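Visitor: For reference, the structure I am asking about is given below.
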Amino acid sequence: MGSLLEPAPKENYSKPLGIRFLEHIKGSKLSFKTHQTIVLILTFIAYASYHATRKTTSIVKSALDPQSSDFGLKFSLWQRAYFKEPVEGKDLRVLGSGWAPFNGSDGTALLGEIDVAFLSFYAAGMYFSGQLGDRMDLRLFLTVGMVGTGLFTSLFGVGYWANVHVFAYYLIVQMFAGLFQSTGWPSVVAVVGNWFGKRKRGLIMGIWNAHTSVGNITGSLIASALLQYGWGWSMVVPGVMIAFVGLMVFVLLPVNPETVGADRDEDELQSPQKSGDGITESLLQSDTESKEKAVGFIEAWKIPGVTTFALCLFFSKLVAYTFLYWLPFYISHTAIDGKYLSSTAAGNLSTLFDVGGVVGGILAGHISDHLNARAITAASFMYCAIPALFLYRTYGNISLSINIILMLITGMFVNGPYALITTAVSADLGTHSSLRGNSRALATVTAIIDGTGSIGAAIGPLITGYISSSSWNAVFTMLMAAALVAGLLLTKLVVAEVTAKIEETRSQGTPTSRSPAAALEV
């Protein structure tokens with residue numbers, strides 16, 4: 001085999017340098033399974049790093065404005081004194097005097113504006129990112145997004161050493177950070193969707209979706225550990241880390257089998273086929289895929305099921321993100337077995353909601369694969385989330401063990417459909433049969449669905465901030481109503497899938513069931 005310095009064949013120009021290097025060392029082409037493993041590991045690390053940098057801002061709030069700590073640091077100090085618990089010196093250093101302009105009377109409001117700006121630009125940027133992702137090399141697009149995210153995350157931290165006290169600086173930095181953050185999800189889902197067919201996509205993506213929780217936990221641990229050395233480090237270090245991972249993506253990530261010359265026949269990429277008028281269609285394109293024209297934004301909205309699942313995710317993500325932002329605060333302000341937990345204990349306990357979410361994502365993916373029914377699975381989980389929410393609010397304060405069990409169950413039913421819709425469903429619809437084999441809608445469809453969900457993610461915590469001061473019962477009523485609406489939105493698709501199952505049972509033909517994409521056309 002020739003040297004890496006020799007000109008590569010024309011068809012290998014798009015092959016990542018790292019893949020070419022591994023093939024040079026091995027002396028032969030990498031197998032299809034090896035490429036799939038690289039894709040899963042690399043995209044997992046990539047999106048975990050996105051969430052790690054996203055989590056850092058909530059950690060440094062305690063240093064910017066001591067009164068607005070996510071876990072109620074100031075309340076915790078009073079609480080520890082009341083219960084005669086020791087106060088750690090680190091807590092006092094973090095509390096300090098804050099950082100102008102966030103340490104004034106309106107500091108909490110200013111931090112709230114930064115959060116809203118980030119989420120708003122993230123949601124808006126998601127729609128554009130999907131369109132760009134389907135028209136660019138996803139490897140390059142993802143690299144630019146990760147390096148840009150690292151840059152603006154670090155610039156926020158640079159304000160610590162540069163002694164910046166201008167609110168506009170932090171606001172603008174967070175706006176750009178939100179835009180670059182929006183490049184991540186549509187890109188990684190599109191890449192994974194290119195490499196895995198529908199048959200086991202739900203289970204694989206359910207396991208793979210654990211990167212969200214891994215990223216959140218990693219970001220919290222890193223930022224919290226560095227906070228004592230100055231809050232700037234809590235932003236810069238994660239920023240440098242995601243930029244480094246972005247370079248790894250550029251060197252190693254194979255976007256689809258065609259770019260590396262992999263043979264699709266080695267894997268069951270052909271999805272369950274749709275029979276009708278004697279025509280059999282593959283939902284994934286062949287070697288001419290790269291020549292297909294990218295699907296337009298409006299055209300993507302018209303793909304059967306996209307609008308329905310996007311609206312469903314709006315309400316599903318509203319519930320999930322309300323828990324993400326408010327659960328630690330709720331736990332620390334709710335007596336469990338007659339006692340109030342410290343902010344640290346409340347924060348640690350709240351991570352069990354994510355644990356339940358990981359289990360829910362895997363379970364929802366596996367069930368939807370087994371039943372070959374995404375809508376039935378998602379709707380069932382959303383309906384089950386309603387009694388889970390009620391039970392957690394009503395009986396979660398009886399004892400710590402009951403609280404843990406109910407929190408795990410609630411996290412499973414709330415995050416299960418959220419994970420399923422943002423992964424397997426998005427990938428399914430991005431390769432819908434109405435596209436006639438054109439898979440260059442993956443990023444656009446994923447962006448539409450998750451972008452719409454992100455609007456709900458911004459609205460839920462915002463509304464909760466207003467109504468929680470008067471009644472937590474009202475908050476849980478809102479969440480149960482949102483879960484109900486999310487389930488009801490899928491009614492038409494559920495009926496279509498049930499009808500398809502009944503027809504399959506009655507039919508004496510082939511045992512191959514109709515795919516979710518085919519059911520969406522009903």
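Visitor: Can you order the peptides 26-35, 134-143, 156-165, 387-396 by their average number of other Cβ atoms within 10 Å per residue, highest first?
Guide: Values: 26-35: 13.7, 134-143: 20.4, 156-165: 16.4, 387-396: 18.2.
Taking the mean over residues of other Cβ atoms within 10 Å, the ranking is 134-143, 387-396, 156-165, 26-35.
Visitor: Would you please state which residues of segment 347-391 a label at LEU488 would reach in this model, taking the label point 7 Å out along Cα→Cβ and a backbone N cut-off of under 16 Å?
Guide: 379-380, 382-387
Visitor: Could you order peptides 124-130, 477-483, 49-55, 400-406 by the average number of other Cβ atoms within 10 Å of their residues, highest first? Before the final figure, lay out the partial values.
Guide: Details: 124-130: 23.4, 477-483: 20.1, 49-55: 25.4, 400-406: 16.6.
Most protected by this proxy first, the peptides run 49-55, 124-130, 477-483, 400-406.
Visitor: Take the residue pairs LYS61/LYS339; LYS317/LYS492; LYS29/LYS317; LYS61/LYS317; LYS33/LYS492; LYS15/LYS492 and return only those whose Cα atoms are more than 32 Å apart. Provide the component values of the computation, followed by the final result.
Guide: On the way: LYS61/LYS339 26 Å; LYS317/LYS492 21 Å; LYS29/LYS317 42 Å; LYS61/LYS317 23 Å; LYS33/LYS492 37 Å; LYS15/LYS492 43 Å.
Where the Cα-Cα span goes over 32 Å, the pairs concerned are LYS29/LYS317; LYS33/LYS492; LYS15/LYS492.
Visitor: Through the Karplus equation 6.51 cos²θ - 1.76 cosθ + 1.60, θ set to phi - 60°, convert the phi angles of segment 391-400 into ³J(HN,Hα) values in whole Hz; use x for Gly and Pro.
Guide: 5, 5, 5, 7, 10, x, 8, 5, 7, 5
Visitor: Amide H of SER31: which non-local residues (sequence gap of 5 or more, or other chain) have their own amide H closer than 5 Å, using H built in the peptide plane?
Guide: Sorted by chain and number, the residues that satisfy this come to none at all.
Visitor: Provide the FRET efficiency to the nearest 0.05 for the THR37-HIS370 pair, computing r from the beta carbons and using R0 = 25 Å. Don't skip to the end; give the middle numbers.
Guide: Numbers: r = 24 Å, r/R0 = 0.95.
Using R0 = 25 Å, I get an efficiency of 0.60.
Visitor: Residues of segment 98-119 with amide nitrogen under 12 Å from the 7 Å Cα-to-Cβ point of HIS165?
Guide: The answer is 98-104.
Visitor: Next question, about the same structure. Round to the nearest 0.05 the FRET efficiency obtained for GLU299 and PHE390 when R0 = 30 Å and r is the Cβ-Cβ distance. Intermediate results must be reported in sequence, preceding the final value.
Guide: On the way: r = 41 Å, r/R0 = 1.37.
Between GLU299 and PHE390 the formula returns 0.15.
Visitor: Take GLU113 and LYS339, extend 7 Å from each Cα along the Cα→Cβ direction, and tell me the distance between the two endpoints in nm.
Guide: 4.2
Visitor: Pop out the ³J(HN,Hα) list for segment 219-227 in order, Karplus 6.51 cos²θ - 1.76 cosθ + 1.60 with θ = phi - 60°, rounded to Hz; leave Gly and Pro as x.
Guide: Karplus values, whole Hz, x for Gly and Pro: x, 5, 5, 5, 5, 5, 5, 8, 4.
Visitor: Using 7 Å Cα-to-Cβ label points, what is the TRP472/PHE21 separation (nm, one decimal)?
Guide: In this crude label model, TRP472 to PHE21 measures out at 5.2 nm.
Visitor: To continue, here is another question. Cα centroids of segment 304-319 and segment 158-230: how far apart, whole angstrom?
Guide: Computed from Cα coordinates, the inter-centre distance equals 21 Å.
Visitor: Sticking with this structure for a sec: Can you give me the long-range amide H partners of ILE336? Hydrogens built in the peptide plane at 1.01 Å from N, cutoff under 5 Å, separation of 5 or more residues or another chain.
Guide: For ILE336, the qualifying residues are LEU341.
Visitor: Using only the alpha-carbon atoms of segment 294-522 as identical scatterers, what base-10 log of I(q)/I(0) does the Debye formula give at q = 0.12 Å⁻¹?
Guide: Debye output, listed in q order: -0.66.
Visitor: For a Förster distance of 25 Å, can you work out the FRET efficiency between the beta-carbons of TYR229 and ILE404, rounded to the nearest 0.05? Show your work: numbers first, answer last.
Guide: Values: r = 33 Å, r/R0 = 1.33.
Computed FRET efficiency for TYR229 and ILE404 comes out at 0.15.
Values in this text are rule-based calculations from the coordinates and carry no lab data. Source: prediction; values computed, not measured. Please note: Cβ atoms are built from the backbone with ideal geometry, for glycine as well, and neighbour counts cover all protein chains shown.
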